Amino acid sequence: MENTVKEIPVLLLTGYLGSGKTTLVNRILKNERGIKFAVIVNDIGEVNIDEDLIAEGGIVGKGDDSLVPLSNGCICCTLKMDLVQQLSDIAQSGKFDYIVIEASGICEPAPIAQTISAYPQIYPQLAKTAKAKLDNIVTVVDALRMRDEFNKGNDLMKENIGEDDLESLVIQQVEFCNTILLNKASEVSKEDLDKVKDILRHLQPEAEIIECDYGDVDLGLLLNTGKFDFDRVATSAAWIAAMEDDDDEDLENEESGEALEYGIETFVWKERRPLDLSKFDEWVAEKWPKNVIRCKGICYFEDERQTCYVFEQAGRQIGLRNAGQWYATMPEWQLKDFLEKNPGVKRDWDEKYGDRMQKLVFIGQHMDRKAITSELEKCVYEE
């Protein structure tokens, strides 16, 4: 008879520094539901654990201040370098019902989620009797700080935020989650709150947005939700939906209500001809429109027609990475068979350019679409 591997659900908690993650962690540790949590944090010294909760004997381990046992059966421990081994030890101990990971404020959630999701297959010896399984990714957003520091949420392209690029991190964290916890919601006006929510929704249309104050939220909305699906979350960002939409007019028709009121929109620039790399680089470096919150997509250049690149902008961070070769570079005999087996690629095939294309998704507020399009047209290589 095959042994059943017990699954211990995991809540991954993300959010930039000061958003309220630690406050929520304290509420979780004080829970009166009888749930035995193992809470993994970056710095245990930053978690204000009530002395009444610390189990008799204080901090366990001789000279080890990285783990604190609590009288309610929970533990609070410091994140270790080897997260996989740490998760395996907690899950297979059989002592805990649920694992909470408080990610660093400067940490992107996707790599952590990938690690948690993949380790039972990659290291089956670490998941013989029990394994950690990602249940929900919650991103905590400070509504008050969004209003004050991000100019009501629409200044995610500001240039004076320092080397850590906070706006970029906020975008990355919002785009990869199931739930957005909009903290300190009552401290901003309804108009400001609606505006912040609308921009969050334009970045992440799939996640549930929950308003709260100082982490005071029903834990039932966050725990044992069964929400997490890696593929679904990985493709839930608004720019991905726009990339996959064949009809750009549909995107325009969807902009309504608050989106129109606050001037928030999404549009896709498409072009078959190659770009001139030097002209495109100059435009991005010197003329990039500051009211663009997010841009991502695929492109290619005249001097490297065989290579597909992914262009990405979030906050001050702008990057270009090699995504491999276009299908059009395949040998003719192989290409013919490939197109027959992939009708979607065949449908979009161009007689001259094949699958080569520029397709960039822009998300922003009060964007001058004509001006952006005009500037991009100037970057097209003159054949």
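Scanning the range 338-383 for residues that are assigned to a strand (DSSP E or B), in contact with a helix residue (DSSP H, G or I) (Cβ under 7 Å, 6 or more places away or on another chain) and over 30 Å from Asp198 (Cβ atoms) turns up just one, Gly354. Of all residues in the range 293-304, exactly one satisfies the criterion of being touching a residue at least 40 places away in the same chain (Cβ under 8 Å) and surrounded by fewer than 17 Cβ atoms within 10 Å (Cβ to Cβ), namely Glu302.
Beta carbons closer than 6 Å, at least 6 apart along the sequence or on distinct chains, pair a first residue in the range 307-334 that is closer than 15 Å to Leu275 by Cβ and not assigned by TED's automatic domain parsing to the domain that holds Leu169 with a second that is exposed (fewer than 15 other Cβ atoms within 10 Å of the Cβ) and among the basic types (Lys, Arg) for Val310/Arg321.
Does Pro120 satisfy being in contact with a strand residue (DSSP E or B) (Cβ under 7 Å, 6 or more places away or on another chain), surrounded by 16 or more Cβ atoms within 10 Å (Cβ to Cβ) and more than 16 Å from Gln173 (Cα to Cα)? So Pro120 fits the description; yes.
State whether one or more residues within the range 356-368 are without any contact (Cβ under 8 Å) to a residue 60 or more places away in the chain, surrounded by 17 or more Cβ atoms within 10 Å (Cβ to Cβ) and closer than 14 Å to Val284 by Cα. Looking for residues that are without any contact (Cβ under 8 Å) to a residue 60 or more places away in the chain, surrounded by 17 or more Cβ atoms within 10 Å (Cβ to Cβ) and closer than 14 Å to Val284 by Cα, one finds none in the range 356-368, hence no.
Which of the residues belonging to the range 323-351 are of a type in the set (Ser, Thr, Tyr) and more than 32 Å from the chain's Cα centre (by Cα)?
In the first step, residues of the range 323-351 are kept if they are of a type in the set (Ser, Thr, Tyr); the result is 327, 329.
Residue satisfying the conditions is Thr329 alone.
For the range 164-202, filtering for residues that are at pLDDT below 85, touching a strand residue (DSSP E or B) at 6+ places or on another chain (Cβ under 6 Å) and within 12 Å of Ala237 (Cα to Cα) leaves 2.
The values are calculated or read from the model by the stated rules, or taken from the named source; none is laboratory data. Bear in mind the structure is a predicted one, so any value in this text is a computation, not a measurement. For neighbour counting, all protein chains shown are included, and Cβ atoms are generated from backbone atoms with ideal geometry for every residue, glycine included.
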